[in-house]
Structures are given as structure tokens and as C-alpha cells.
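Read the structure below first, then the notes.
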Amino acid sequence: MAVPEDLGTPGSYISLERRTPVFSSDGEEVGRVEEVLADAGADVFDGLVVATGALGRERRFVEAAQVEEIYERGVVLKLDAAQARALPHREDAGGR
């Protein structure tokens, strides 16, 4: 499975909106953006909290280094679907 081609133009963490779809490197939608972790004043992007699971109740932490690209209508990770499912739960991510 390939990453969807209709994600729009490249964007940045600053314009990223809650509920934006998050895709694995092999094209599977693995969740939706719940929170962007950043210090916009210092222009530092730390990562994302992604809502996962059947009802979107699980929260996974994605480090900035694990994000391949941010687009208008989606985020693509450097991780495949299995790796994305193994990401730490938000509360296990060292209190970030």
C-alpha cells in the first residue's frame, strides 16, 4: 500500500490541525493528530500525540525525528504500520 497522493502541499507543524490523518510509511492510516508538541516561539518541533485505536482513545507519542513529512491533509511517518502500532503510549513517553 502506498501513501495517499492527495495529501496536498507540504506544510509544517505550525499549520498542523487536530484530527489530521497520520499515515505509516507503507500507507496505512495509523491514527489522527491529537496534539502537536512544540515550542513555536523557539521554532522547536518535539513531536506529536496521535489518537489511535478503534475509537481513537489510545494516545501514542511520535518523536519529531519519526515524522517523514507534514502535508496540508496528512502526516507521513518514517515508520511502517507495525512500528507505528508499537509506539509508546503518551503517558509512557517520559512525561513529554
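Among residues belonging to region 54-75 that are surrounded by 11 or more Cβ atoms within 10 Å (Cβ to Cβ) and not in a strand (DSSP E or B), point out the one that is modelled with the lowest pLDDT. Looking at residues that are surrounded by 11 or more Cβ atoms within 10 Å (Cβ to Cβ) and not in a strand (DSSP E or B), I get G56.
Count of region 7-28 residues, restricted to those that are closer than 18 Å to D80 by Cβ and either polar (S, T, N, Q) or within 10 Å of the chain's Cα centre (by Cα) (or both), is 5.
The residues of region 44-53 that are surrounded by fewer than 13 Cβ atoms within 10 Å (Cβ to Cβ) and in a strand (DSSP E or B) amount to a single one, V44.
Pairs are defined by a Cβ separation below 9 Å, a sequence spacing of at least 6 or placement on different chains, a first member in region 57-76 that is under 15 Å from L87 (Cβ atoms), and a second member that is among the aromatic types (F, W, Y) and not in a strand (DSSP E or B); the pairs so defined are A64/Y13; V67/Y13. Sub-7 Å Cβ pairs linking a first residue in region 8-20 that is surrounded by 11 or more Cβ atoms within 10 Å (Cβ to Cβ) to a second residue that is of a type in the set (G, A, S), at least 6 apart or interchain, are Y13/A38; I14/A40; T20/G74, ordered by first then second residue.
Residues in region 32-42 that are within 20 Å of E72 (Cβ to Cβ) and over 11 Å from the mean Cα position of the chain (by Cα) were compared, and the one that is surrounded by the fewest Cβ atoms within 10 Å (Cβ to Cβ) is A40. Would you mind stating whether G41 is outside any strand (DSSP E or B), at pLDDT below 95 and at positive phi? It is false that G41 is outside any strand (DSSP E or B), at pLDDT below 95 and at positive phi.
The values are calculated or read from the model by the stated rules, or taken from the named source; none is laboratory data. Because the structure is a prediction, the values reported are computed rather than measured. All Cβ positions, even for glycine, are placed from backbone atoms using ideal geometry, and neighbour counts span all protein chains on display.
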